[in-house]
Amino acid sequence: MSARIELAVAGARIALTVEADPTATRRALVHAGGCAVAHVGALPAGPIGAQVVALVRGLIDAPVDTPDALVARLIARARAAGLDATIVTAPTLPRWSSRLRTGQPVLARGLWPFDPELAGLRRGLRRVLKRECFTDDAAAADRAWLNAAGLTVVGIGTVEPDGRRVMFATDDETALTPALGDAEAALRRGPDADAARVLGAALGYPPCCVDAFVAATGHDDRALVAGLDGATRASPLTVWLNQPLALVSHVPCTLACAATRDLAAEILDELEAGAPGFAAAWRALAARLHVLDHRGRGLALVGDGALATGFTITDAVAFAPDLDDALGSIAASLPDAVGRTITAADVVAAADHRGA
């Protein structure tokens, strides 16, 4: 579990994270109460830096407790010292329509739709692909697209209260074993290591990423983004924070995961073969600094500097979901962001995909 607190005084501010860390293995300002308390980005110059260090060091003797209890104690101490203190709740990651994947890219209209899962199946990188749709129309469109590609499509389970319905598709009907349906049903009920491994193997997920998923203490949006290392440059091939650009359908164990990078490279080659020019157009958006802001928007940024000390934006693209479940303006330029300098405190999560 992870929580984030923003502290401010006299126009200066800093963001802290509090994470459960009973073995004191995480890098932190202090380890207190069974948790790691760390700052996001560089400590700002001026009095606030010293104030924050003093505040968190005052927690060292706190009794072992939950992160929430330690956060409450930290906020009380900060406010008593005259700082504004706010708990920041990570926005929910956007829910994207399956129609992003339902079709062949036509670059004159943009990157979308493109189907990396079908590309992986054609390359022999997976035996089955899985679709989650939220409307009857989306499910029908997806089924028609996959049938036209020569795949057998089967519905799994019932429609969830939020409208979610799951389909599996394959070009080898022997891959659609009862164990897959059982595994999907088990994971709907809650964490299940055996079920995750059965599905992961069928869907072509690297074993290291499946193992990391099984070992994770949380699988919701907050847990996923909290695990990102936004300071180290990674390949654009492992991008997942901005889902419309993702070439893989799993969350990599790390952004440096070689198995994920190799898998995505093959998928990109397959997509390029079907739509020449796709790879260059995709890289122009993927090889950027990706962030999730406090409004829940995914941004892909070009600029100078680093989030730790200040990143000055020279180009920005925002990704917004199509709430009407039909393709529209997925990626939109943000000219007003050009020239703005941001730091790690200005974003909820970051992933730097400007590496090789």
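When we screen Asp304, Asp315 for residues that are surrounded by 14 or more Cβ atoms within 10 Å (Cβ to Cβ), in contact with a strand residue (DSSP E or B) (Cβ under 7 Å, 6 or more places away or on another chain) and over 16 Å from Trp96 (Cβ atoms), the only hit is Asp315. Please verify whether region 168-175 includes one or more residues that are among the hydrophobic types (A, V, I, L, M, F, W, C), in contact (Cβ under 8 Å) with a residue 12 or more places away in the chain and part of a helix (DSSP H, G or I). Scanning region 168-175 turns up at least one residue that is among the hydrophobic types (A, V, I, L, M, F, W, C), in contact (Cβ under 8 Å) with a residue 12 or more places away in the chain and part of a helix (DSSP H, G or I). Here Ala72, Ala54, Ala76, Ala85 are screened, and the one residue that is in contact with a Leu (Cβ under 9 Å, 6 or more places away or on another chain), farther than 30 Å from Arg165 by Cα and modelled with pLDDT of 80 or more is Ala85. Of everything listed in (1) at pLDDT 95 or above; (2) not assigned by TED's automatic domain parsing to the domain that holds Gly298, the single unmet condition for Ser235 is (2). For region 69-86, taking the residues that are exposed (fewer than 14 other Cβ atoms within 10 Å of the Cβ) and in contact (Cβ under 8 Å) with a residue 24 or more places away in the chain, the one that is nearest to Ala280 (Cα to Cα) is identified as Asp84. Which is surrounded by fewer than 20 Cβ atoms within 10 Å (Cβ to Cβ), closer than 24 Å to Pro321 by Cα and at pLDDT below 95, of Leu241, Leu224? The match here is Leu224.
The set of residues from region 10-55 being in contact with a strand residue (DSSP E or B) (Cβ under 7 Å, 6 or more places away or on another chain) and among the β-branched types (Val, Ile, Thr) comprises Ile14, Thr17, Val18, Val30, Val37, Val40, Ile48, Val52. None of His219, His250 is farther than 27 Å from Thr314 by Cα, outside any helix (DSSP H, G or I) and modelled with pLDDT under 90 except His219. For region 1-103, the strands (runs of 3 or more DSSP E) that sit wholly inside it and include 1 or more residues that are among the acidic types (Asp, Glu) are 2-9, 12-20, 84-88.
Note on region 112-150: among residues that are in contact with an Asp or Glu (Cβ under 8 Å, 6 or more places away or on another chain) and charged (D, E, K, R), the one that is farthest from His250 (Cα to Cα) is Asp137.
Inspect all residues belonging to region 117-136 and state whether any of them is surrounded by fewer than 19 Cβ atoms within 10 Å (Cβ to Cβ), under 23 Å from the mean Cα position of the chain (by Cα) and on the phi > 0 side of the Ramachandran plot. Scanning region 117-136 turns up no residue that is surrounded by fewer than 19 Cβ atoms within 10 Å (Cβ to Cβ), under 23 Å from the mean Cα position of the chain (by Cα) and on the phi > 0 side of the Ramachandran plot. Among residues of region 42-57 that are at positive phi, those with a beta-carbon under 6 Å from a residue that is modelled with pLDDT under 85 and not β-branched (Val, Ile, Thr) at least six positions away or on a different chain give the pairs Gly46/Ala12. Would you point out the residue of region 189-200, among those that are without any contact (Cβ under 8 Å) to a residue 60 or more places away in the chain and surrounded by 15 or more Cβ atoms within 10 Å (Cβ to Cβ), that is farthest from Arg126 (Cα to Cα)? Here the answer is Asp192. Tell me, yes or no, whether region 169-176 has at least one residue that is over 15 Å from Ser98 (Cα atoms) and buried (at least 20 other Cβ atoms within 10 Å of the Cβ). Among the residues of region 169-176, at least one is over 15 Å from Ser98 (Cα atoms) and buried (at least 20 other Cβ atoms within 10 Å of the Cβ), which makes the answer yes.
Could you tell me whether any residue of region 293-303 is touching a Gly at 6+ places or on another chain (Cβ under 7 Å) and within 22 Å of Arg233 (Cα to Cα)? Write out each step before concluding.
Residues of region 293-303 that are touching a Gly at 6+ places or on another chain (Cβ under 7 Å), as a first pass: none.
No, every residue in region 293-303 fails to be touching a Gly at 6+ places or on another chain (Cβ under 7 Å) and within 22 Å of Arg233 (Cα to Cα).
Looking only at residues in region 244-269 that are surrounded by fewer than 20 Cβ atoms within 10 Å (Cβ to Cβ) and over 18 Å from the mean Cα position of the chain (by Cα), the one that is farthest from Gly230 (Cα to Cα) is Asp269. Filtered by the rule that a residue be among the aliphatic types (A, V, I, L, M), within 22 Å of the chain's Cα centre (by Cα) and surrounded by fewer than 21 Cβ atoms within 10 Å (Cβ to Cβ), region 14-46 gives Ala20, Ala38. When you look at Val154, is it surrounded by fewer than 20 Cβ atoms within 10 Å (Cβ to Cβ) and part of a loop (DSSP other than H, G, I, E, B), yes or no? No: the conditions fail for Val154.
The values are calculated or read from the model by the stated rules, or taken from the named source; none is laboratory data. The structure presented is a predicted model; accordingly, all values stated were derived computationally and were not measured. Heads up, the Cβs are rebuilt from the backbone with ideal geometry, glycines too, and the neighbour counts pull from every protein chain shown.
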